[in-house]
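Every number in this text was worked out from the coordinates using simple rules, so none of it is lab data. If you're wondering where the values come from, they're calculated on a predicted model, not measured in any experiment. Methodologically, a virtual Cβ is constructed for each residue, glycine included, from the backbone with ideal geometry; neighbour enumeration extends over all protein chains shown.
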Amino acid sequence: MNKFFLNLGSQPLANNYLNKFNPKQIKYNLRLYFDTKTKLVSISKRIPSKKMFNNKYPYKSSMSKTMQKSFYNLSVEIKKKFNPNLLLEIGSNDGALIKNFDKNKVIGVEPCSNLAKITKKKGFKIYDEYWDFNLSKKIKKQFNKVDLIYSANTLTHISNLNDVFRSVKNLLSEDGVLIIEDPSLLECIKKSSYDQFYNEHIYVFSALSVRNLMNKFDFEIFDIKNLSTHGGSLRYYIKRKTNKKFKIKSSVKLQIKNEIKFKLNKIVAYNKFSVSAKKSKNELINIFNNLKSSNKKIIGYGATAKATTILNFCALDHDFIDYFVDTTPDKANKYMPGKKIKILKYNKKFLNNVDYIFLGAWNFQKEIFKKEKDFIKRGGKFITHVPIPRII
Ligand code: TYD
């Protein structure tokens, strides 16, 4: 049974950066639900994929050193542990992972044609299509079987999970491995980071929900790794139950135990999260009000999807934040979705005369603090809302 626990208000598509501010930009009511049976946490409204993931999708994995390093390290691990003859990545984006592999040994699936183009040009085999059963059949016809299927921060965007995993099952070899990584619901709850939810993020997974989901397809999780990426993610290593090549590691039991300790299997945890999200909202607004009443100049750093949820939930607009800076070329000179706040292509000069920086990309705090030593040296401060709204 689906139980409602939080209303994040009217929210635009979080990756729909407009060239011209439009007060009538389409918004959808963002409501969060917990399924008491499957333990899956999801948003209520499902926007058609074509509206969200098309030739204008701006997010590029290679934009951050942290993500590049994470993908490189994983590629080393995959080669060492699994040495796949053929690896398929669902949501290969601009190639941050696949570029670490031999071109003959990887296939990418990337429906956003602007991104697919980047890797195609470099000679990679890319299907610029949505991942579904038909595509898995098409790939199977051409390549027979795939030994390793990997997907990071993509499956949470796809509404029909049954189709996703039916397609994986169709293509994965008998002793193949599926690796998926996505933001961790436990970390999200611990940090009150309600901004992990936006229209494109249909699900935020827990090990509990992934375990149930895998069971339906006769798959099982055999290892889990906690990662610091995207504000705390989990990497799940999954195999067929019939595959005895890999032993189930204690990490799986440990993660499930931790999630149960935080009651992620019960609605009570989500009701508590709802209270802390609203508290976080009020405290963040207070910080902005106080700083603005003493005429401080505040800008945003990292025009993230997460920031869109915050700005729209907390009703923060250009009277609080002068502009955002972001390194992504496709976001430059556009507006934060739903808000009249312009995004400027990152340049150190845009930090001049700034008193406070709101960390839209709080998940890259370390990388950003390192980069902005000068700003910190001259007394500049950061505002963040995780794990509690505060000034750093
Ligand atoms: P991301 O973490 O993927 O957040 P979301 O999934 O919520 O959109 O996006 C990070 C954004 O921050 C991306 O647009 C690039 C930007 N960024 C900078 O502008 N400068 C930086 O130094 C870093 C690390 C990121």
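The Rg/Rh ratio for the stretch 237-375, using Cα coordinates for both the radius of gyration and the Kirkwood hydrodynamic radius, is 1.13. With only the Cα atoms considered, the chain has a convex hull volume of 132 Å³ per residue. When +1 charges are put on Lys and Arg Cβ atoms and -1 charges on Asp and Glu Cβ atoms, the dipole computed for the chain relative to its Cα centre reaches about 300 debye. Stokes-Einstein diffusion for the stretch 85-175, with the hydrodynamic radius set to the Kirkwood value over Cα pairs and evaluated at 20 °C in a medium of 1.002 mPa s, equals 165 µm²/s. Averaging the sequence gap over all C-alpha pairs within less than 8 Å and six or more residues apart, then dividing by the number of residues, gives the stretch 271-382 a relative contact order of 26 percent.
Estimated purely from DSSP H runs of n ≥ 4, each contributing -39500 (n - 2.57), the mean residue ellipticity at 222 nm for the chain is -10000 deg cm²/dmol once divided by its residues. What you get for the stretch 49-158, charging only the Cβ of Lys and Arg (+1) and of Asp and Glu (-1), is a dipole of about 240 debye around the Cα centre. In whole Å, how far is the Cα centre of the stretch 283-351 from that of the stretch 191-220? Cα centroid to Cα centroid, the span is 29 Å. Of the residues 197, 221, 183, the one whose Cα sits farthest toward the positive end of the charge dipole of the stretch 181-250, with +1 on the Cβ of Lys and Arg and -1 on the Cβ of Asp and Glu, is 221. Here the stretch 106-237 yields Rg over Rh of 0.97, to two decimals, using C-alpha coordinates and the Kirkwood radius. Note: the stretch 181-251, Cα convex hull, 89 Å³ per residue. Listed peptides 41-51, 155-165 appear in the order 155-165, 41-51 once ranked by packing, highest mean of other Cβ atoms within 10 Å at the front.
Ranking 76, 61, 92 by Cα position along the charge dipole of the stretch 14-136, where only Lys, Arg, Asp and Glu carry charges on their C-beta atoms, puts 61 farthest toward the positive end.
In the structure shown, the pairs 3/257; 81/241; 39/272; 120/348; 56/278 are assessed against 26 Å; a Cα-Cα span above that value is assigned to 120/348; 56/278. Using C-alpha pairs below 8 Å separated by at least 6 residues, the relative contact order for the stretch 8-55 is 34 percent. Springs between alpha-carbon pairs under 10 angstrom, Gaussian network model over the chain: which of 250, 280, 92 fluctuates most? Of 250, 280, 92, the most mobile in the Gaussian network model is 250. Taking 18 Å as the straight-line reach from the Cα of residue 296, the aspartates and glutamates in range (excluding those fewer than 8 positions away in the same chain) are 283, 317, 319, 322, 355.
Its alpha carbons give the stretch 305-378 an Rg and a Dmax of 12.2, 34 Å. Take every DSSP beta bridge whose two residues both sit in the chain, then give the antiparallel share in percent to the nearest 5. Just about 50 percent of them are antiparallel. Note: relative contact order over the chain, using C-alpha pairs below 8 Å and six or more positions apart, is 17 percent.
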